[in-house]
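The values are calculated or read from the model by the stated rules, or taken from the named source; none is laboratory data. Please read these numbers as outputs of a predicted model, since none were measured by experiment. Positions of Cβ are backbone-derived with ideal geometry, glycine not excepted, and every protein chain shown enters the neighbour counts.
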Amino acid sequence: MANWWQEFWAWVQALQGGAPAIVGSAAGSALGLFSIVIGALLNAELNRRRDSRLRKQAVAGLLTASIAEIDNVAENLKRNFTTVGRPNGDVLISDPANQLLILPKIAEQLSALPPDAIKAIANSYVVIDQYSDHLVHLGGKPLPDLPKNRVVVQVPHASFDRAKSLSNGLLVKLDEYLATMKEALTALQRR
């Protein structure tokens, strides 16, 4: 290998006139082009890593926000029926769908989440949204003229046990969906 290099160097030294300058410029240009290409490839790789990290943070943020909101709904449902006890009259139950504020703001970004997490979030919002309809089927009546599109259902005393059972069933479903979302978040954080 050293042989061809020595022959090349001897050839360059033997050149006359402007030829050494041309060969030097060509070699310098080739070295410069090589450096630019290496720099561009390195920059592209660094940008891909940064973009991947930012996407991962965005997905983790979406999952965390969804988990927090649904967990808050579940906690409020638990609190509603543990503080009420066994009433002697009708019970006023606030529709938990009133508490859902995050989904409308992140709905367009859900496609970035893993499919299992999307399904769990969608199912959570569906069962929460249907809750007050089920209370009405138990004989409850929505109170009229509440501010900010709030829904509160007045459930008759006779339907209290069934309403509590309905809430417990909703809590079981929400716990399943939350577990799926938390698994997705844990898997994302491990990557």
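Kindly indicate whether any position in the range 41-57 is part of a helix (DSSP H, G or I) and surrounded by 14 or more Cβ atoms within 10 Å (Cβ to Cβ). Checked against the condition, which is being part of a helix (DSSP H, G or I) and surrounded by 14 or more Cβ atoms within 10 Å (Cβ to Cβ), the range 41-57 yields at least one hit.
Among the residues of the range 117-128, not a single one is among the hydroxyl-bearing types (Ser, Thr, Tyr), out of contact with any strand residue (DSSP E or B) (no Cβ under 8 Å at 6 or more places or on another chain) and more than 21 Å from Lys182 (Cβ to Cβ). The condition (being assigned to a helix (DSSP H, G or I), touching a helix residue (DSSP H, G or I) at 6+ places or on another chain (Cβ under 9 Å), under 30 Å from Leu138 (Cβ atoms) and of a type in the set (Asp, Glu)) is satisfied by just one residue among Glu69, Glu75: Glu69. In the range 151-191, of all residues being β-branched (Val, Ile, Thr), touching a Ser or Thr at 6+ places or on another chain (Cβ under 7 Å) and in contact (Cβ under 8 Å) with a residue 60 or more places away in the chain, the one that is surrounded by the fewest Cβ atoms within 10 Å (Cβ to Cβ) corresponds to Val152. Annotation note: Cβ proximity below 6 Å between a residue of the range 92-110 that is buried (at least 16 other Cβ atoms within 10 Å of the Cβ) and a residue that is of a type in the set (A, V, I, L, M) and part of a loop (DSSP other than H, G, I, E, B) (sequence gap 6+ or interchain) occurs for Asp95/Val151. Just one of the numbered conditions (1) under 27 Å from Thr186 (Cα atoms); (2) in contact (Cβ under 8 Å) with a residue 40 or more places away in the chain; (3) of a type outside the set (D, E, K, R) is not true of Pro115: (2). Examine the range 121-131 for a residue that is part of a helix (DSSP H, G or I), modelled with pLDDT under 90 and surrounded by 15 or more Cβ atoms within 10 Å (Cβ to Cβ), and state whether such a residue exists. Checked against the condition, which is being part of a helix (DSSP H, G or I), modelled with pLDDT under 90 and surrounded by 15 or more Cβ atoms within 10 Å (Cβ to Cβ), the range 121-131 yields no hits at all. All conditions in (1) within 30 Å of Leu166 (Cβ to Cβ); (2) without any contact (Cβ under 8 Å) to a residue 24 or more places away in the chain hold for Ala40, with the sole exception of (1).
Annotation: of all residues in the range 132-147 being buried (at least 17 other Cβ atoms within 10 Å of the Cβ) and touching a residue at least 40 places away in the same chain (Cβ under 8 Å), the one that is farthest from the chain's Cα centre (by Cα) is Gly140.
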